[in-house]
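Right, one structure below, let's go through it.
The values are calculated or read from the model by the stated rules, or taken from the named source; none is laboratory data. Values in this document were obtained by computation on a predicted structure and should not be read as measured data. Positions of Cβ are generated from backbone atoms using ideal geometry, with glycine treated the same way; all protein chains shown enter the neighbour counts.
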Amino acid sequence: MNTRLFQNHIVRKEIPLDPMWDFHTLDSEEKKQEEFKMLVPGCWESNPRLVSYKGKAVYSKKVTFGANARLVFKGVSHTAHVYLDKKQVGYHYNAYTEFSVLLQDIPYGEHLVEVKVDNSFHEESALHVSNDYYSYGGITRPVVMEEIGEMFIKNVRFIPYRENEKWCASISASVSNLSNEQKNITLKIKIGDEEVSFADKVLPPNAETLLENTFEFPFAAAYTLQNPKLYMMDASLLYNDKVVDDIIDRVGFRDIKADGKDILFNGEKVIIKGVNRHEDYAEFGCAIPIEAMYRDIELIKSLGANCVRTSHYPNDERFLDLCDENGILVWEESHARGLNEEQMRHKNFEKQSLDCIKEMIENHINHPSIFIWGILNECVSNTEFGRSCYARQFELIKSLDSSRPVSFASLEAHIGSDLCLDLVDIVSFNIYPRWYHDTPVKDSLSTLKNFVNNTGGAGKPLLISEIGAGAIYGFRSNNQEKWTEEYQQHALTEQVTSILSDEDLSGVIIWQYADCRVDSGWFHGRPKSQNNKGLVDIYRREKLAYSKVKDIFHSYQK
Ligand code: ADA
């Protein structure tokens, strides 16, 4: 199954898992109820009998294999318990990050793999709460099963940087030795025509070893937004001169800095013209087929946008691959939207948030398109307790990757009270003049700037991370009332031109690219139970505002 847009292994073999799984819904005592067949990846809401199902279900499949294997899930919504032959072998919380299960010393033969999935809002869940987007259920992203030997490469992390006008990279690889003996290995890493290596390294028994070094790549070409040059990074693990395992990833050479009030990409100032995007597409829900993802990319590019914010959770890696290929900057965000202090004091909040950040960065660090790590959209950044949560999360991000700026989207109600602006590299605010209130956009912007200039955010780049207005596709009227396509077009014109013509700002990320379904408790103010602020609707039909924003984005060519 393709988990990425390119081949990830030549040596490591895949154990075939065809996409149709047996599926049962479960009752509260976990007894099997209705029986279905279910496609993986997919969300169960795509099945006409389960369009609003919130609860538990079990996926099962018989697989023939033996010895050691890795079962990799790119995303299960929302909690997953994994069983092999009825014995639990894995557990994961969070729909939006990858996890894997290591299966060791399995006798060769047919085995039963089962995944119990739960998308209900239960008391153990701090981040997965009813929200202004829909929380789908199922094995919603690809799954792959791989044969592994006694040693395997867990991951290779690549962080490019420039020194004396030359491209360099700090590369670190985690290699596992599952055997009871010490092993001597070499790890070779080929990037384009250049090869670097970690030669003659010792792997202690039953342990994971971290190999780290910095290397120069004097012949590398830069990854730019106009020419997003990607290199395959091919890592091979050699034991007794034989390649025993490999991982192929894709990287690019570029750097990003927040410099004074500017965001610099390879040293050049970039103005952000972006869109917020939920993973939601009509009947496919969050399990968007690659063809539809690519259509989104084409529509976003044609809009003249150069940025996507993955509001409010890490995205399917195939979408990030498409952004890499198309030179579209990505603000990747860990999972959390609009939590109040009580929710942030939930006993599992810290662990679930930190796990999500770790998994997001560990798995996505090599994507050159990611230029900001974001956290905690519109949470309580205006209290001391909230500040301690933001500080802890940023500290973790910086310890995992200090090469990218960090940010969070604060909200209009925190203008005057936000306590966290000193913690970020880029200050970002979500504001809704001309939608939730009728203040002229320029007045809203000057109130915001006055506040930011008197806080720890002063002198940093300032981004408008959300702004927009609702429109119901096809609702047209000469009276320009709210919810009409005309009104949305009118509001976005003022919003986007005011921001892009303001030299103090680093750009705008429109809320939002496409309409999305919302959880049932959110019907109020959400006609059709959708957040209707999309430039396109859930079927990607363009509203009037799409072509207007396209004109504006194309006319600001900085
Ligand atoms: C917030 C939030 C979004 C969405 C938006 C809106 O800013 O971050 O998720 O709910 O408001 O549509 O009101």
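Points worth noting:
- The residue list ASN184, ASN155 contains one member that is touching a residue at least 40 places away in the same chain (Cβ under 8 Å), under 18 Å from GLU98 (Cα atoms) and outside the structural domain of ILE106 (by TED's automatic domain parsing), which is ASN155.
- Filtered residues of segment 520-544 (kept if assigned to a loop (DSSP other than H, G, I, E, B) and at pLDDT 95 or above): ARG526, ASN532, LYS533, GLY534, LEU535, ASP537, ILE538, TYR539, ARG540, ARG541, LYS543
- Applying a threshold of 7 Å to beta carbon distances and a minimum spacing of six or more residues, or different chains, the list of pairs starting in segment 480-504 at a residue that is in contact (Cβ under 8 Å) with a residue 40 or more places away in the chain and ending at one that is surrounded by fewer than 20 Cβ atoms within 10 Å (Cβ to Cβ) and among the charged types (D, E, K, R) reads GLU485/ARG476; GLU486/ARG476; GLN489/LYS548; LEU492/LYS548; THR493/LYS548; SER498/LYS442; ASP504/LYS261; ASP504/LYS449.
- Any chance MET344 is assigned by TED's automatic domain parsing to the domain that holds ALA413 and out of contact with any Gly (no Cβ under 7 Å at 6 or more places or on another chain): no
- Looking only at segment 316-357, residues that are among the basic types (Lys, Arg), over 13 Å from the mean Cα position of the chain (by Cα) and crowded, with 18+ Cβ neighbours inside 10 Å come to 1 in all.
- Comparison of ASP296, ASP280, ASP259 shows that the only residue that is of a type in the set (Asp, Glu) and closer than 19 Å to ASP401 by Cβ is ASP259.
- When the residues of segment 426-443 are filtered to those that are outside any strand (DSSP E or B) and within 14 Å of the ligand (Cβ to nearest atom), the one that is surrounded by the most Cβ atoms within 10 Å (Cβ to Cβ) is ILE431.
- Subset of segment 385-409 [among the hydroxyl-bearing types (Ser, Thr, Tyr) and touching a residue at least 40 places away in the same chain (Cβ under 8 Å)]: SER403, SER407
- Options LEU535, LEU505; residue that is away from the ligand (no atom under 16 Å from the Cβ), buried (at least 19 other Cβ atoms within 10 Å of the Cβ), in the same structural domain as ARG337 (by TED's automatic domain parsing) and within 26 Å of the chain's Cα centre (by Cα): LEU505
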